[in-house]
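The values are calculated or read from the model by the stated rules, or taken from the named source; none is laboratory data. Worth saying up front: this structure is predicted, and the values here are computed from it rather than measured. A quick note on method: Cβ atoms are made from the backbone with ideal geometry, for glycine too, and the neighbour counts reach across all protein chains shown.
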2 protein chains.
Amino acid sequence: MKLLKVLMAVASAGVMPQAGAQTRPAVPGYTYGQATLAKAPFTLADVAAIKKTLLFSDDDERALRQSQPILADQTEAILDVWYGFVASTPELVIFFGDRKTGAPDGAYLGAVRKRFALWISDTAEARFDQRWLDWQYELGLRHNKLKKNLTDQADSAPQVNFRYLSALTIPVTTTLKPFLAKKGASAADVEKMHAAWVKAVLLQTILWSYPYVKEGEF
Amino acid sequence: MKLLKVLMAVASAGVMPQAGAQTRPAVPGYTYGQATLAKAPFTLADVAAIKKTLLFSDDDERALRQSQPILADQTEAILDVWYGFVASTPELVIFFGDRKTGAPDGAYLGAVRKRFALWISDTAEARFDQRWLDWQYELGLRHNKLKKNLTDQADSAPQVNFRYLSALTIPVTTTLKPFLAKKGASAADVEKMHAAWVKAVLLQTILWSYPYVKEGEF
């Protein structure tokens, strides 16, 4: 399958996520924690309310952190599965397609993939502070037409439609589960880590939806 | 706990969901399938794309249908748990609060509860046709400021904020799981039914979000 090959071929050159966003390798467009980021229009109190609603507890925070070392050296394999899923879903691959030719844009896919690797580690890190909040806002803008393509100077679809953001919680966390089980954690701990990941990704996609939502309705 | 008592006291007078929306008992405001409903602005093709993205398969459809008879005579107990959760979460109970006094509006809670009972059965029924689509649109409008309170002539909060819609997928499906296990289904089948419910509720909350999303970004 040609398309799959293109997507697999963009595997990044060994980006190894480390603990702590401030110690991350320099990846173009990865601006987590930088002073240039706009302040998020939603607050830590908003996040607390969403966390309460989706039953996100201290146990979930611990489970996420437990997953960090488990996932660390499996990052490229996880990304292969995720990119394989996108490649086999025409409804999704268009968001990485060249606007003129329709073909998947390898450079764009590769650039996003490097940041995606860091996102796995950042999500597992489970820091919910103002820096994290501002970064979530930036990630939302980069899915929305306000900022999509800008980071990588891509000439691709102008936005990822709203309907896919929260929906992607399921493939991302379902395909993650076998990787959570690969390093000897108990079945109960794998369940806990998986449940925590579902909540953490859903929480993020809700925040990423902010730029899509009408004024005063978020 | 006084608030919990108020919420529990609104238990409806034995509404028993039956198979098929057209055979539902007459519940005020339950207009699923009625010609008065507006046509949904999203299409069956949109739903198919979301289903593909969140890995919703024929197996999930079967698992939902398997859950219908299991949940049927547990409906009131399930609603007690859900209403208990809302009662213990101030961030959520305000959506049922009287706008002037702030106190939970028992009549409003009771009216919604009767339709909530039918929603459990409708979700388990897993019919994804145009009638279902139009009903999803109506349910979205009833959470949004465009139509909230109108059905029950309530004087309550003007909208359920967007941030809570998809988030509620977690408490609804997490608290459902023990009920799925109470009628002798195998552990594997309970897992399958639970996973199908997560996808089905997330799918619906994405559709309900339509009125909140900016023109052209859904």
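When B:W119 is tested against (1) more than 25 Å from A:L54 (Cβ to Cβ); (2) outside any loop (DSSP other than H, G, I, E, B), only condition (1) is not met. Of the helices (runs of 4 or more DSSP H) lying entirely inside region B:37-94, the ones with 1 or more residues being under 24 Å from B:T151 (Cα atoms) are found at B:75-87, B:90-93. Annotation note: Cβ proximity below 9 Å between a residue of region B:31-58 that is within 13 Å of B:L139 (Cα to Cα) and a residue that is surrounded by 13 or more Cβ atoms within 10 Å (Cβ to Cβ) and modelled with pLDDT under 95 (sequence gap 6+ or interchain) occurs for B:Y32/B:A21; B:Y32/B:R24; B:G33/B:A21; B:G33/B:R24.
Is it the case that B:R65 is surrounded by 21 or more Cβ atoms within 10 Å (Cβ to Cβ), away from every other protein chain (no Cβ under 14 Å), of a type in the set (K, R) and within 17 Å of the chain's Cα centre (by Cα)?
Values: surrounded by 21 or more Cβ atoms within 10 Å (Cβ to Cβ): no; away from every other protein chain (no Cβ under 14 Å): yes; of a type in the set (K, R): yes; within 17 Å of the chain's Cα centre (by Cα): yes.
For B:R65, the condition - surrounded by 21 or more Cβ atoms within 10 Å (Cβ to Cβ), away from every other protein chain (no Cβ under 14 Å), of a type in the set (K, R) and within 17 Å of the chain's Cα centre (by Cα) - is not met.
Taking each residue of region B:161-176 that is more than 7 Å from chain A (Cβ to nearest Cβ) and under 15 Å from B:L203 (Cα atoms) and looking for partners that are of a type in the set (F, W, Y) and crowded, with 21+ Cβ neighbours inside 10 Å with beta-carbon atoms closer than 6 Å, six or more apart or interchain, yields B:L165/B:W208; B:T173/B:W197. Look at B:T75 and say whether it is more than 15 Å from B:H194 (Cα to Cα) and within 14 Å of another protein chain (Cβ to nearest Cβ). No: the conditions fail for B:T75. All of B:D129, B:D155, B:D189 fail the test of being within 22 Å of B:G110 (Cβ to Cβ), surrounded by fewer than 20 Cβ atoms within 10 Å (Cβ to Cβ) and more than 8 Å from chain A (Cβ to nearest Cβ), apart from B:D155. The set of residues from region B:32-61 being among the charged types (D, E, K, R) and either within 17 Å of B:Y210 (Cα to Cα) or touching a helix residue (DSSP H, G or I) at 6+ places or on another chain (Cβ under 8 Å) (or both) comprises B:K39, B:D46, B:K51, B:K52, B:D59, B:D60, B:E61.
When you check A:L150 against the structure, is it buried (at least 21 other Cβ atoms within 10 Å of the Cβ), in contact with a helix residue (DSSP H, G or I) (Cβ under 8 Å, 6 or more places away or on another chain) and at pLDDT 95 or above, yes or no? No, not satisfied. Could you tell me whether A:L150 is more than 11 Å from every other protein chain (Cβ to nearest Cβ), of a type in the set (A, V, I, L, M) and farther than 27 Å from B:A200 by Cα? So A:L150 fits the description; yes.
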